[in-house]
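Below: the structure, in structure tokens.
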Amino acid sequence: MNTQDTRRPTGKKLSLKEKYALMTRGLGWDTSYEPMDKAFDQLGLEGIKIHDWDKWEDPFRLTMDAYWKYQAEKERKLYAVLDAFQQNNGHLNISDARYVNTLKLFFTGITPAEYNAHRLFAMLGRQFPGPGAAIACQMQAVDELRHVQTQIHSISQYNKYFNGLHDHTVMNDRLWYLSVPKSFFEDAISSGPFEQIIAISFALEYLLTNLVFMPFMSGAAYNGDMATVTFGFSSQSDEARHMTLGLECIKFVLEQDPGNAAIIQRYLDKWFWRGYKVLGLVSMMLDYMLPKKVMSWKEAWEIYFVQNGGSLFNDLSRYGLRMPKYWEQSVAEAEHLSHQTWNAFYNFSGAAAFHVWLPSDEDMAWLAEKYPNTFDQHYRPRIEHYRKLQAEGKRYYNPSLPMLCQTCQTPLIFTEMDDPTRTSHRQLEHDGDTYHFCSDGCRDIFAGQPDKYVSAWLPAHQILQGNCVEPGAEAAGDPGADALRYFHVVAGQDNLDYEGSPDEANWLRWKGLDKTPPAAAA
Amino acid sequence: MHTHAQQTSVPPLVRDRVDNFHGQQLLYVGWDHHTMICAPIALLVSPELRFGEVIDDLLPASAFALHPEWPQIDWARVEWLLADRPFTPERSATLAAQGLGHKAYLRLRTPALRGIAGSGA
Ligand SMILES: [Fe+2]
Ligand SMILES: [Fe+2]
């Protein structure tokens, strides 16, 4: 490789193409002290065959110098908006303080995932011997680090006024529901290089990214959150580049060798299901957490997965790829996903770093309209029961620990396809132990790599093993209180219902809506 | 699929081996058609616990007891399943003696009770 002469022709201004060749391909070299296959020692292990790395095309032809210039310009714009946001008390312009709870979910669940994406691409840049692929990965590594920073800076505007945003890195490491996105990324980052890039660049960035980006960014726009809209726009052009990398990468690998398709299909089946399970949190955010709704989860899944994904797989069928395994199940479950996920947080809001609230009459009318086949029949009675209990001052909190899926780490909150009132459960025996799963998809993933998933750090089990006690702190003897402190969730401040929270009291005061009568004048 | 780390002969770390529970074990219990309790529950129990103590002591302190139909359960008529197979518990026998090992999943069915307002919740 790299045999063409890339020396600069004299006395001539470089064309974009020449400049690109010099600044990317021209930077690569073959090792001479060590054989190439030792320098790039992860490459052969997955069975993927690459015959010619020079066939890797970068459709953007972006060189590092141009990259720095574009990114610096985006940063200047972003920080100008953030300054204005701060000076104008932008946090008071949101639709309602309930909205900030979606940011708490984003900041503790997705921002740390961006950081893991940075680590993953930094390592991948080292794993690929083709300069085209290596440079694309390096740029994405820098992009992802920028995303982390812009999110920290934007959301810190809210951290001054609202609770639950004070410790996103520790929470991501320890808080029970965040083990779902955390384990997704740790599964990816501990895979072989081709699996990593298929998992993140293709399955996540190309196939599923709209299901993360659209809900949060449109949700922000609908709910008056200019800080989030701005960091969203700032990263959108990066996302477009990442999506293109995902598509370029999968086509490149498939065209290199006919034997690659079967391996790629296996990765797609796995990472589609892993990603879909993480999106349960997004479904709840769309249907239950946005004060001003954008669209339902069912509509989002139909547009962004069924339609867009369907036509993508039509294009890819010429390489022998098909839609990921169990995709039909995800469509049928779209009728239930958000309602079942929200119920888990209503049950366990004592142990969450954001607030929960019951849907209003108006919210329930919207849910019934969006989910005519399921809401009134299966989910309204439960919510009305909760309402009655709350009115009597007997709010239901689940005092137990839940059974978790060994693969996706979600509690077993989903139901069987043919019976929405019975827990979906699969199990298998491996090496003398029993393992439990939420679905066929998660069971299959385990069965493919059991040695990986037997080591899963399942929060409920860790609590019961006595491992969730803040280092250096005296155990309180109450595992619930110990776990909360270990999560860095401040009891009575970050958790429980929105009604009665310090967030609510502050918001009402700032907006002049304080419910408590003023003290009588002297 | 396989990275170098996976190719070495280091045995996998089985994080939830029974030895890690300090003499206790896990027992999961689910109540079919009562989805108000959002997931089956995970209990830490001694293998020497008698089955009757699960019903008399552990479940009344769990989420199950907060369900409005809990007081109506007729325990003589409860149908038990071990994962998917019918199971006949013996109240006075220990968990270990009747094969309820580490990470066993017990389900109870109460056909007369259909959840909140008959919705299965
Ligand atoms: Fe990103
Ligand atoms: Fe799962």
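The values are calculated or read from the model by the stated rules, or taken from the named source; none is laboratory data. Owing to the predicted nature of the structure, the values given are computational and were not obtained by experimental measurement. Quick reminder, even Gly has a Cβ in these numbers, built from the backbone with ideal geometry, and neighbours come from all protein chains shown. For the accessible areas, the whole protein counts, side chains as well, though only heavy atoms, and no ligand, DNA or RNA atoms are used. Shrake-Rupley method; radii C 1.70, N 1.55, O 1.52, S 1.80 Å.
In table form, for the structure just shown:
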{"item": "Euclidean distance of C-alpha centroids, the stretch B:8-62 and the stretch A:219-292, integer Å", "result": "36 Å"}
{"item": "Residue-span extension gain [residue A:467 to residue A:514] - 0.36 nm each, minus C-alpha spacing", "result": "12.7 nm"}
{"item": "Convex hull volume per residue for the stretch A:178-222, taking Cα atoms only, in Å³", "result": "65 Å³"}
{"item": "Peptide-level mean, for A:436-448, of C-beta atoms on other protein chains within 10 Å", "result": "1"}
{"item": "With DNA, RNA and ligands ignored, accessible area of residue A:387 (1.4 Å probe; Å², nearest 10)", "result": "80 Å²"}
{"item": "MRE, 222 nm, helices only [DSSP H, n ≥ 4, -39500 (n - 2.57), over the protein assembly as shown, to nearest 500]", "result": "-13000 deg cm²/dmol"}
{"item": "Order by protection proxy (mean Cβ within 10 Å, highest first), peptides A:427-436, A:276-285", "result": "A:276-285, A:427-436"}
{"item": "Candidates per GluC sites (Glu not before Pro) in the stretch B:1-87, loop by DSSP, up to 16 other Cβ within 10 Å", "result": "B:48"}
{"item": "Volume per residue that the Cα convex hull of the stretch A:142-298 spans, once the total is divided by residue count, Å³", "result": "124 Å³"}
{"item": "Estimated dipole of the stretch B:20-116 in Debye, rounded to 20 [Cβ of Lys and Arg +1, of Asp and Glu -1, Cα centre]", "result": "200 debye"}
{"item": "In Å, descending, principal axis extents of the Cα set of the stretch B:20-116", "result": "38, 24, 24"}
{"item": "Farthest toward positive dipole pole in chain A [+1 Lys/Arg, -1 Asp/Glu at C-beta], among A:158, A:99, A:498", "result": "A:158"}
{"item": "Unit charges on C-beta of K, R, D, E only; dipole of the protein assembly as shown, Debye", "result": "1220 debye"}
{"item": "Rg ratio (alpha-carbon, reference 2.2 N^0.38 Å) - chain A", "result": "1.04"}
{"item": "In range of the label at residue A:491: residues from the stretch A:336-367 whose backbone nitrogen is under 17 Å from the point 7 Å along Cα→Cβ", "result": "A:348-354"}
{"item": "Cα-Cα P(r), the stretch A:234-312, percent of pairs per 10 Å interval", "result": "15, 34, 36, 12, 3, 0"}
{"item": "Inter-probe distance in nm under a simple model that places probes 7 Å from Cα toward Cβ, at residue A:51 and residue B:15", "result": "4.3 nm"}
{"item": "Shielding by partners, peptide B:38-51 (average Cβ within 10 angstrom, other chains)", "result": "6"}
{"item": "Cα pair distances exceeding 17 angstrom across the stretch A:69-152, given as percent", "result": "61 percent"}
{"item": "Relative contact order (percent, whole number), chain A, Cα cutoff 8 Å, 6+ residue spacing", "result": "16 percent"}
{"item": "The stretch A:196-277: equivalent-ellipsoid semi-axes (sqrt of 5 x gyration tensor eigenvalues, Cα, Å)", "result": "30, 14, 6"}
{"item": "Accessible area of residue B:41 in the full protein assembly, 1.4 Å probe (Å², nearest 10)", "result": "0 Å²"}
{"item": "Mean Cα-pair separation over length for the stretch B:20-116, i.e. relative contact order, pairs under 8 Å, 6 or more apart, %", "result": "42 percent"}
{"item": "Fraction of alpha-carbon pairs over 12 Å apart in the stretch B:42-85 - percent", "result": "70 percent"}
{"item": "Of the chymotrypsin sites (Phe, Trp or Tyr not before Pro) in the stretch A:311-412, those whose Cβ has at most 11 other Cβ within 10 Å and which sit in DSSP loop", "result": "none"}
{"item": "Derived scalar couplings ³J(HN,Hα) [the stretch A:487-501; Karplus, 6.51 cos²θ - 1.76 cosθ + 1.60; whole Hz; x for Gly, Pro]", "result": "6, 6, 9, 7, 5, x, 10, 8, 9, 6, 6, 5, 4, x, 7"}
{"item": "Inter-chain shielding of A:124-134 (mean C-beta neighbours from other protein chains, 10 Å cut-off)", "result": "0"}
{"item": "Relative contact order [Cα under 8 Å, 6+ residues apart], the stretch A:64-336, whole percent", "result": "23 percent"}
{"item": "Within the stretch A:303-393, GluC sites (Glu not before Pro) in DSSP loop having at most 16 other beta-carbon neighbours inside 10 Å", "result": "A:392"}
{"item": "The stretch A:109-234 shape via C-alpha gyration tensor axes, a/c threshold 1.5", "result": "prolate"}
{"item": "For the stretch A:330-448, alpha-carbon Rg and Dmax in angstrom", "result": "16.2, 52"}
{"item": "Unit charges at the beta carbon, dipole of the stretch A:130-280: most positive-side option, A:232, A:280, A:207", "result": "A:280"}
{"item": "Cα-only Debye scattering, the stretch A:64-336: base-10 log of I(q)/I(0) at q = 0.14, 0.15 Å⁻¹", "result": "-1.02, -1.17"}
{"item": "Positive-end residue, the stretch A:325-395 charge dipole about Cα centroid, Cβ charges, pick of A:347, A:378, A:360", "result": "A:347"}
{"item": "P(r) histogram, all alpha-carbon pairs of the stretch A:411-508 included - 5 Å bins from 0, percent", "result": "2, 10, 14, 13, 12, 14, 16, 10, 5, 2, 1, 0"}
{"item": "Net length gained if the chain between residue A:61 and residue A:261 were fully extended (0.36 nm per residue, minus Cα distance)", "result": "69.3 nm"}
{"item": "Normalised convex hull volume, the stretch A:242-372, alpha-carbon set, Å³ per residue", "result": "127 Å³"}
